[in-house]
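Worksheet for the structure shown next.
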Amino acid sequence: MKLKKSTVNAIISYAIVIAAFLICQWMIATKNMPRTLKGQMIPICVYIVMAVSLNLVVGISGELSLGHAGFMSIGAFSGAIASTYFLNALGLESAIVRLVLSILVGGAFAGVFGVLIGIPVLRLRGDYLAIVTLAFGEIIRNVVNCLYFSVDGMRLHVSFNNPNLPGSIIVNGPAGSKGIKAISTLPVGFVLILFTLFVVLNLVNSRSGRAIMASRDNRIAAEAMGINVTKYKMMAFVTSAVLAGMAGALYGLNFSTFTAAKFKFDTSILVLVFVVLGGIGNIWGSIIAAALLTVLPELLRAFADYRMLIYAIVLILVMLATNNPIIRSLFNGLIRRNRADQAKAGKGGDAQ
Amino acid sequence: MVAFLRFLINGISLGSVYAIIALGYTMVYGIAKMLNFAHGDVIMVGAYIAFCAMAYLSLPPILAVLLAMVACTALGIVIEGLAYRPLRQAASLAVLITAIGVSYFLQNAALLIWGANPKSFPSVFSVGAIRLFEGELVISSETILTIISNIVIMIGLTLFTGRTKLGKAMRAVSEDKGAAELMGINVNRTISLTFAIGSALAAVAGVLLCSTYPILMPTTGSMPGIKAFTAAVFGGIGSIPGAMIGGILLGVIEILGKAYISTELGDALVFAVLIIVLLFKPAGLLGRPVREKV
């Protein structure tokens, strides 16, 4: 049986992720992993999922979103609330079950908001769409800052701007979440990466994925072919929101406390930087860029105060270098030669 | 009623600052079609330079502002030349990320030079306040100065873009770069000029912002920058009167929202209004709708 090329590529991708996971586990088990890196492992998983999901909107669907951290925020808070509720009210002891359920809850809530936000946002185009996603991200952060949640027996209490709730407080307005059990684990993080890859690769290589990319390349032509552009853009947007919500839940449950300020505009931008540096529309590019750039500030710790300055300079230089016509043509030449070699190695290839 | 007037005047004052910043955004967007996210940080640099000129060199405020404007103009031209000009042909997202890189750079450079501790900005303009309604309504000199500067800048820019040769060149480049070049306009120099004007305005905005809200930190510029960007989009990005109207409306909505609805939700309200406006007028209040051609 001959597998489709996209299937083979997907299987290779999963294999690489699993291999990376095994190497990480081995390094942790044999204590070869530096302590700073060990603490970064779950954030790396989170940012990989964030970057891949944002790439779905920015790269595959072609819409600039500047509010991705908003969905992460929704996922983190709903996941944290769900986890505490399952423990305190339902007496669910198993950490792993709670973690998985909380991630699902986080994804579901982010998905609901993805639909609500997507309806107005996707009516706009280009930079206007970008600014509205930015606006939604800021609104989410502001509103979460005013919310208070507590659990009292089986009941979950919510209030707006009123910290006096019965029972034990879970989310404490601007002070953020409180007394959450940190239950995120590395294996679950890697499973989430695999799940994300599975969803995104299957979507991209499906009929819907091709419709999404056709809408990106030429909206009018796609409409003329009978593609419902809004529907497919919505599909990409909501899928991305769900994945970001799941990543957010994993992120939130990695800490005993976190605040809404963590998910501000800068975080959305950070993820966008991963996507653009990794190559817009390139899934593996996003993964590598997210992993490297999450670790980079830690690696630059030797430069102490200068590290963020160096980070900024590296960012500018990489953008200048990758867009320099001379360097670009050099790269393109390499890729072309590579492809030509592959074509020669193949059995003549398909008729063109 | 008096309270309402006071909030309204504060709102117009804050809105005037947003409007001046938004002018920088809108001019750069109109001409270079890029979102210059580093603009907010140029404001912060301008405010720091004015602060240093007043606190360490004990220059009079007018000279300090002029020094800040000159320094920011130079900064704007350098940023454009080093970071944005090589990307003229690149994808817009690449330019956006570079602008973000420049923004990080300016913030962290400021952090290294001036430290993380907030500096208390001295009052620039110390003429007595105006008191109305038997002293119930006090309009501070900063408020008056901000509103007057805004009007002067608006009139100056309208005359500049409408009447002078350089202004016409700017409008021509924003309309069609290729055609402008064929007409003998130096496109690169015109874009540099736009950045220079935008950055000089940012310095003024920085001083005005910090004389009303006198806390100066390396991150001072980022939130007003985002709001001014919102204001520019609100008014129709690329349009100079649009930036002015958008800025003032945004400032008024923010102050009134904080006063009457919820202090915490003032910012959220601003963005909510933006979303509603864009849903009904997708190109902003004064923006020209772009027709799509097959």
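Residues of segment A:124-144 being more than 7 Å from every other protein chain (Cβ to nearest Cβ) and either in contact with a Lys or Arg (Cβ under 7 Å, 6 or more places away or on another chain) or among the charged types (D, E, K, R) (or both), which ones?
Answer for segment A:124-144, where residues must be more than 7 Å from every other protein chain (Cβ to nearest Cβ) and either in contact with a Lys or Arg (Cβ under 7 Å, 6 or more places away or on another chain) or among the charged types (D, E, K, R) (or both): A:125, A:141.
When the residues of segment A:61-72 are narrowed to those that are out of contact with any Leu (no Cβ under 6 Å at 6 or more places or on another chain) and over 23 Å from residue A:190 (Cβ atoms), which ends up nearest to the other protein chains (Cβ to nearest Cβ)?
Just the residues of segment A:61-72 that are out of contact with any Leu (no Cβ under 6 Å at 6 or more places or on another chain), to begin with: A:61-62, A:64-65, A:69-72.
Now drop any that are not over 23 Å from residue A:190 (Cβ atoms), which leaves A:61-62, A:64-65, A:70.
Details: A:61: 13, A:62: 10, A:64: 7, A:65: 11, A:70: 11 Å.
Here the answer is A:64.
Do we have residue A:237 as of a type outside the set (Ser, Thr, Tyr) and within 14 Å of chain B (Cβ to nearest Cβ) here? So that I can check it myself, show each step before the final result.
Working: of a type outside the set (Ser, Thr, Tyr): yes; within 14 Å of chain B (Cβ to nearest Cβ): no.
No: the conditions fail for residue A:237.
Across segment A:214-259, which residue is surrounded by the fewest Cβ atoms within 10 Å (Cβ to Cβ) among those that are over 18 Å from residue A:54 (Cα atoms) and aromatic (Phe, Trp, Tyr)?
Among those that are over 18 Å from residue A:54 (Cα atoms) and aromatic (Phe, Trp, Tyr), it is A:255.
Being touching a residue at least 40 places away in the same chain (Cβ under 8 Å) and out of contact with any strand residue (DSSP E or B) (no Cβ under 9 Å at 6 or more places or on another chain): is that true of residue B:73 here? Even if it seems obvious, please write down each step before you answer.
Working: touching a residue at least 40 places away in the same chain (Cβ under 8 Å): yes; out of contact with any strand residue (DSSP E or B) (no Cβ under 9 Å at 6 or more places or on another chain): yes.
Yes: the conditions hold for residue B:73.
Which residue, of B:109, B:99, B:90, is out of contact with any Gly (no Cβ under 8 Å at 6 or more places or on another chain), assigned to a helix (DSSP H, G or I), free of Cβ contacts under 8 Å to residues at least 40 places away in the same chain and among the small types (Gly, Ala, Ser)? Steps first, please.
Numbers: B:99 fails: free of Cβ contacts under 8 Å to residues at least 40 places away in the same chain; B:90 fails: assigned to a helix (DSSP H, G or I).
Just a single option satisfies the conditions, and that option is B:109.
Go through segment B:155-172 and report how many residues are closer than 27 Å to residue B:252 by Cβ and surrounded by 19 or more Cβ atoms within 10 Å (Cβ to Cβ).
Residues meeting the conditions: 2.
Out of all the residues in segment B:263-284, is one or more in contact with a Gly (Cβ under 6 Å, 6 or more places away or on another chain), more than 11 Å from chain A (Cβ to nearest Cβ) and over 21 Å from residue A:260 (Cα atoms)?
no
Filter segment B:215-255 down to residues that are within 14 Å of chain A (Cβ to nearest Cβ) and β-branched (Val, Ile, Thr) and give me whichever is surrounded by the fewest Cβ atoms within 10 Å (Cβ to Cβ).
B:219
Go through B:83, B:53, B:64 for me and flag whichever is part of a helix (DSSP H, G or I), within 22 Å of residue B:102 (Cβ to Cβ), of a type outside the set (Val, Ile, Thr) and modelled with pLDDT of 85 or more.
Matching residue, one of B:83, B:53, B:64: B:83.
Could you please let me know if residue B:258 is surrounded by fewer than 21 Cβ atoms within 10 Å (Cβ to Cβ), over 19 Å from the mean Cα position of the chain (by Cα), modelled with pLDDT under 85 and of a type in the set (Lys, Arg)? Steps first, answer last, please.
On the way: surrounded by fewer than 21 Cβ atoms within 10 Å (Cβ to Cβ): yes; over 19 Å from the mean Cα position of the chain (by Cα): yes; modelled with pLDDT under 85: no; of a type in the set (Lys, Arg): yes.
So residue B:258 does not fit the description; no.
With respect to residue A:112, determine if the residue is of a type in the set (A, V, I, L, M, F, W, C), assigned to a helix (DSSP H, G or I) and at pLDDT below 90. Show your work before the answer.
Values: of a type in the set (A, V, I, L, M, F, W, C): yes; assigned to a helix (DSSP H, G or I): yes; at pLDDT below 90: no.
In short, no.
Residues of segment A:117-158 being assigned to a helix (DSSP H, G or I) and charged (D, E, K, R), which ones?
Initially, segment A:117-158 is screened for residues assigned to a helix (DSSP H, G or I), giving A:117-121, A:126-144.
A:127, A:138, A:141, listed by residue number.
Going by what's in this entry, would residue B:44 be described as in contact with a Leu (Cβ under 9 Å, 6 or more places away or on another chain) and part of a helix (DSSP H, G or I)?
Values: in contact with a Leu (Cβ under 9 Å, 6 or more places away or on another chain): yes; part of a helix (DSSP H, G or I): yes.
In short, yes.
Select from segment A:278-313 the residues that are within 27 Å of residue A:195 (Cβ to Cβ) and acidic (Asp, Glu) and list them in ascending order.
Matches in segment A:278-313: A:298 only.
Based on this model, can you work out whether residue A:273 counts as within 14 Å of chain B (Cβ to nearest Cβ) and in contact (Cβ under 8 Å) with a residue 12 or more places away in the chain? Show your work before the answer.
Details: within 14 Å of chain B (Cβ to nearest Cβ): yes; in contact (Cβ under 8 Å) with a residue 12 or more places away in the chain: yes.
Yes, satisfied.
For residues in segment A:1-17 being exposed (fewer than 14 other Cβ atoms within 10 Å of the Cβ) and part of a helix (DSSP H, G or I), which is farthest from the chain's Cα centre (by Cα)? Break it down stepwise before answering.
Pass one, segment A:1-17, residues exposed (fewer than 14 other Cβ atoms within 10 Å of the Cβ): A:1-5, A:7-8, A:11-12, A:15-16.
Okay, now just the ones that are also part of a helix (DSSP H, G or I), so A:5, A:7-8, A:11-12, A:15-16.
Values: A:5: 26, A:7: 23, A:8: 24, A:11: 21, A:12: 21, A:15: 20, A:16: 19 Å.
Ranking the candidates gives A:5 first.
Only one of A:213, A:234 is in a helix (DSSP H, G or I), modelled with pLDDT of 90 or more and farther than 30 Å from residue B:87 by Cα. Can you tell me which?
Numbers: A:213 fails: farther than 30 Å from residue B:87 by Cα.
On inspection, the qualifying residue turns out to be A:234.
Restricted to segment A:302-317, and to residues that are of a type outside the set (Phe, Trp, Tyr) and over 12 Å from residue B:83 (Cβ atoms), which residue is farthest from the other protein chains (Cβ to nearest Cβ)? Even if it seems obvious, please write down each step before you answer.
Taking segment A:302-317 as the starting set, the residues that turn out to be of a type outside the set (Phe, Trp, Tyr) are A:302, A:304-305, A:307-310, A:312-317.
This time we only want the ones that are over 12 Å from residue B:83 (Cβ atoms), so: A:302, A:304-305, A:307-310, A:314.
Details: A:302: 16, A:304: 10, A:305: 6, A:307: 9, A:308: 4, A:309: 4, A:310: 9, A:314: 8 Å.
Once the filter is applied, the top-ranked residue is A:302.
Would you be able to say whether some residue in segment A:34-55 is assigned to a loop (DSSP other than H, G, I, E, B) and either within 14 Å of chain B (Cβ to nearest Cβ) or among the basic types (Lys, Arg) (or both)? Before you say what the answer is, go through the steps one by one.
Taking segment A:34-55 first, the residues assigned to a loop (DSSP other than H, G, I, E, B) are A:34.
Of the ones still in play, those that are also either within 14 Å of chain B (Cβ to nearest Cβ) or among the basic types (Lys, Arg) (or both) are none.
The answer is no; no qualifying residue exists.
Looking at segment B:13-34 only, could you name the residues that are of a type in the set (A, V, I, L, M, F, W, C) and out of contact with any Ser or Thr (no Cβ under 8 Å at 6 or more places or on another chain)? Quick ask: steps written out before the conclusion?
In the first step, residues of segment B:13-34 are kept if they are of a type in the set (A, V, I, L, M, F, W, C); the result is B:14, B:17, B:19-23, B:27-28, B:31-32, B:34.
Passing the criteria: B:19, B:21, B:22, B:23.
Table: residues versus (1) of a type in the set (A, V, I, L, M); (2) touching a residue at least 12 places away in the same chain (Cβ under 8 Å); (3) in contact with an Asp or Glu (Cβ under 6 Å, 6 or more places away or on another chain); (4) within 11 Å of chain B (Cβ to nearest Cβ).
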| site | (1), (2), (3), (4) |
| --- | --- |
| A:205 | no, yes, no, no |
| A:227 | yes, yes, no, no |
| A:232 | no, yes, no, no |
| A:244 | yes, yes, no, no |
| A:248 | no, yes, no, no |
| A:259 | no, yes, no, no |
| A:264 | no, yes, no, yes |
| A:283 | yes, yes, no, no |
| A:287 | yes, yes, no, no |
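Report yes if residue A:189 is within 14 Å of chain B (Cβ to nearest Cβ) and crowded, with 19+ Cβ neighbours inside 10 Å, otherwise no. Steps first, please.
Values: within 14 Å of chain B (Cβ to nearest Cβ): no; crowded, with 19+ Cβ neighbours inside 10 Å: yes.
Answer is no for this residue.
Does segment A:133-154 hold any residues that are more than 20 Å from residue A:259 (Cα to Cα) and touching a residue at least 40 places away in the same chain (Cβ under 8 Å), and which are they? Can you show your working first?
Taking segment A:133-154 as the starting set, the residues that turn out to be more than 20 Å from residue A:259 (Cα to Cα) are A:133, A:152-154.
Once the filter is applied, which keeps residues that are more than 20 Å from residue A:259 (Cα to Cα) and touching a residue at least 40 places away in the same chain (Cβ under 8 Å), segment A:133-154 yields A:133, A:153, A:154.
The values are calculated or read from the model by the stated rules, or taken from the named source; none is laboratory data. None of the values given here were measured: they were computed from a predicted structure. Because the Cβ atoms are built from the backbone with ideal geometry, glycine has one as well, and the counts that use them run over all protein chains shown.
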